[in-house]
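Novice: Please read through the structure below; I'll follow up with questions.
The values are calculated or read from the model by the stated rules, or taken from the named source; none is laboratory data. Source: prediction; values computed, not measured. Glycine gets a Cβ as well: all are built from the backbone with ideal geometry, and neighbour counts include every protein chain shown. Heads up: the accessible areas ignore ligands, DNA and RNA and are worked out on the full protein's heavy atoms, side chains in. Shrake-Rupley method; radii C 1.70, N 1.55, O 1.52, S 1.80 Å.
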Amino acid sequence: MPSETTAVTTPENGTPTPIVGYVLKMYPRFSETFIVSEILAREAAGEQIVIFSLRPPTDARFHPELARVQAPVIHVGRASSPRRLWETWGETMARPALAAGMAEHLDELVAAGVDDAEQAVAVARLAREHGVTHLHAHFASMATTVARLAGLVSGLPYSFTAHAKDIFHQDVDPEDLRRKLAGAHHAITISDYNLRHLRSRFGTADTARLHLVRNGLELERFPYHRRDLHSAAGSAGEGPVRLLGVGRLVEKKGFDQLIDAVATLREDGHDVSVEIIGDGPLRADLEARIQQRGVTEHVHLLGPRTQEEVRAHLTEAHLFVAPFVIAGDGNADGLPTVLLEAMASGIPCVAASVTAVGEVVIDGETGWLVPAGDTHALTAAIAGALDPATDIARRTDAARALVEANYDSRLQAAALRELAEAPIGRTAR
């Protein structure tokens, strides 16, 4: 195994081959398909990647796309005893280059939580052993804490992608986020909304190296086909119009509103049903609501499904509904990947406006956008989509074009590589 000073080199020019070390809280994670798509796109573009997972995976099911990832996955453990903790520190202190980094930044390590400090030291050592030249974390919370500290110890630059909960949740420590933004080689966020929010919150100096790089899709996996919503379903003998919702069963997804909307639509004479894919802590509450609204035959909670199974539902359903809300703790979705997948696939979309959703679902152009938390508006938008006079194809054509222009994972991979290979963090444009 190479030592901490041994970087992989190219025989042609002797310079280190760039190797990006992904620092992730948990890998693989069933709900974070956007990270897998990003890694696949970077590997397809020729980049070498090593994955550091800070927690063991807990999901019972995995997406088949994981099998295509070439990067080695290193699970970074945590000490179960003080003795093991000191052994980890001792192993790293025995390496002069890393010992110097630990000594220089000992105050930061001591100030950090014991798990973060220990895993940062371990990641620093493992990164050097695997020839990593740049550390990149997803989410500005624990993973970036570890990547930043590992960067200080190892001397490697770090970057991170900020998404949503790591920005908007009430528990986010603003000084901690400021320190991460200011110290990163570069930072990334995934929407114009987030970019404006972070610049307004932290000022131009701390966000000078903050860039917009949107999440990407492998578009060839989501072929577009138009839906004839009005003739395919809802007509006599054709069965109900099938609505589809996808996401964790948590407050910010707003699925209680979708249940209410279906109940109202049926009371108004619309033959609709809905399938909701996902699992989460609100499952019992939603089941109770389904009972209370008398729609047990028309609202179905399907539980978690693989990405392939979600794709099949996107192909078969007639209308995608994303009734997002801002949760009581400030948590809100950024821009869920499944919404982009729906738009790419050609299923018409109704969504509520939180954070960046309005950047893709443009009311009257690429779908129907309603105010967050407004069940009446949500119900009216669905009814509007069911109206035979509505031009569905114009909206879905425009939605596909928008996704192709801005959310192609190949464009995302090229942008990430350019940022990582800049000699110093490039100033945001």
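Novice: Do we have any residue at all in the stretch 359-372 that's in a helix (DSSP H, G or I), small (Gly, Ala, Ser) and surrounded by fewer than 21 Cβ atoms within 10 Å (Cβ to Cβ)? Before you say what the answer is, go through the steps one by one.
Specialist: Restricting attention to the stretch 359-372, the residues satisfying the condition of being in a helix (DSSP H, G or I) are 359.
Restricting the remaining residues to those that are small (Gly, Ala, Ser) gives none.
Within the stretch 359-372, not a single residue is in a helix (DSSP H, G or I), small (Gly, Ala, Ser) and surrounded by fewer than 21 Cβ atoms within 10 Å (Cβ to Cβ).
Novice: Since Arg417 meets every condition but one in (1) open to solvent by less than 60 Å² (accessible area, probe 1.4 Å); (2) closer than 24 Å to Thr189 by Cα, which condition does it not meet?
Specialist: The number of the failed condition is (1).
Novice: Using the structure shown, decide if Leu249 is under 16 Å from Phe324 (Cα atoms) and touching an Asp or Glu at 6+ places or on another chain (Cβ under 7 Å). Spell out the reasoning first.
Specialist: Working: under 16 Å from Phe324 (Cα atoms): yes; touching an Asp or Glu at 6+ places or on another chain (Cβ under 7 Å): yes.
Yes, satisfied.
Novice: State which residue is modelled with the lowest pLDDT when the search covers only the stretch 167-183 and only residues that are open to solvent by less than 30 Å² (accessible area, probe 1.4 Å) and of a type outside the set (A, V, I, L, M).
Specialist: The selected residue is His169.
Novice: If you take the residues in the stretch 385-419 that are at pLDDT 95 or above and outside any helix (DSSP H, G or I), which one is nearest to Arg42 (Cα to Cα)?
Specialist: Per the stated criteria, the residue is Asp408.
Novice: Taking into account only those residues within the stretch 343-358 that are under 24 Å from Ala312 (Cα atoms) and touching a residue at least 40 places away in the same chain (Cβ under 8 Å), which is surrounded by the fewest Cβ atoms within 10 Å (Cβ to Cβ)?
Specialist: Looking only at the stretch 343-358, we keep the residues that are under 24 Å from Ala312 (Cα atoms), and these are 343-352, 357.
Imposing the further condition that a residue be touching a residue at least 40 places away in the same chain (Cβ under 8 Å) reduces the set to 343-349, 352.
Details: Met343: 31, Ala344: 24, Ser345: 25, Gly346: 20, Ile347: 26, Pro348: 24, Cys349: 25, Ala352: 28.
Step by step, filter the stretch 343-358, then rank; the result is Gly346.
Novice: Then there is this: Output the number of residues of the stretch 270-282 satisfying the condition of being in a loop (DSSP other than H, G, I, E, B), at pLDDT 95 or above and within 24 Å of His376 (Cβ to Cβ). Quick ask: steps written out before the conclusion?
Specialist: Just the residues of the stretch 270-282 that are in a loop (DSSP other than H, G, I, E, B), to begin with: 270-271, 279-282.
Applying the additional criterion that residues be at pLDDT 95 or above yields 281-282.
Now narrow it down to the ones that are within 24 Å of His376 (Cβ to Cβ): 282.
Final tally of qualifying residues: 1.
Novice: Further question on the same structure: Quick check on my filter: what residues within the stretch 283-295 are open to solvent by less than 70 Å² (accessible area, probe 1.4 Å), at negative phi and either touching a residue at least 40 places away in the same chain (Cβ under 8 Å) or not in a helix (DSSP H, G or I) (or both)?
Specialist: Across the stretch 283-295, the qualifying residue is only Val295.
Novice: Going through the stretch 48-68 one residue at a time, which ones are farther than 17 Å from Ala143 by Cα and open to solvent by less than 20 Å² (accessible area, probe 1.4 Å)?
Specialist: Glu65
Novice: When residues of the stretch 256-282 are filtered for being open to solvent by 10 Å² or more (accessible area, probe 1.4 Å) and of a type in the set (A, V, I, L, M, F, W, C), how many remain?
Specialist: Of the residues in the stretch 256-282, 1 are open to solvent by 10 Å² or more (accessible area, probe 1.4 Å) and of a type in the set (A, V, I, L, M, F, W, C).
Novice: Just the residues that are modelled with pLDDT of 95 or more and surrounded by fewer than 20 Cβ atoms within 10 Å (Cβ to Cβ), please, taken from the stretch 1-25. Walk me through how you get there before you give the answer.
Specialist: We begin by selecting, within the stretch 1-25, every residue modelled with pLDDT of 95 or more; these are 19-25.
Once the filter is applied, which keeps residues that are modelled with pLDDT of 95 or more and surrounded by fewer than 20 Cβ atoms within 10 Å (Cβ to Cβ), the stretch 1-25 yields Ile19, Lys25.
Novice: Next up: For Ala71, only one of the following conditions fails: (1) open to solvent by less than 30 Å² (accessible area, probe 1.4 Å); (2) modelled with pLDDT under 95; (3) assigned to a loop (DSSP other than H, G, I, E, B). What is its number?
Specialist: Just one mismatch for Ala71, condition (2).
A quick yes/no check of all residues on (1) closer than 24 Å to Glu175 by Cα; (2) assigned to a loop (DSSP other than H, G, I, E, B):
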position: Gly101; (1), (2): yes, no
position: Gln119; (1), (2): yes, no
position: Arg125; (1), (2): no, no
position: Val132; (1), (2): no, yes
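Each row is one residue, and each column tells you yes or no for (1) open to solvent by 40 Å² or more (accessible area, probe 1.4 Å); (2) modelled with pLDDT under 95.
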position: Val114; (1), (2): yes, yes
position: Val123; (1), (2): no, no
position: Ala127; (1), (2): no, no
position: Phe139; (1), (2): yes, no
position: Ala164; (1), (2): no, yes
position: His185; (1), (2): no, no
position: Thr189; (1), (2): no, no
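Yes/no matrix, rows are residues, columns are (1) touching a Pro at 6+ places or on another chain (Cβ under 8 Å); (2) among the aromatic types (Phe, Trp, Tyr); (3) under 25 Å from Ala164 (Cα atoms):
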| site | (1), (2), (3) |
| --- | --- |
| Leu243 | no, no, no |
| Asp268 | no, no, no |
| Ser273 | yes, no, no |
| Glu287 | no, no, no |
| Arg311 | no, no, yes |
| Gly334 | no, no, yes |
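Novice: Considering only the stretch 146-176, how many residues are within 18 Å of the chain's Cα centre (by Cα) and not small (Gly, Ala, Ser)?
Specialist: Here the count works out to 9.
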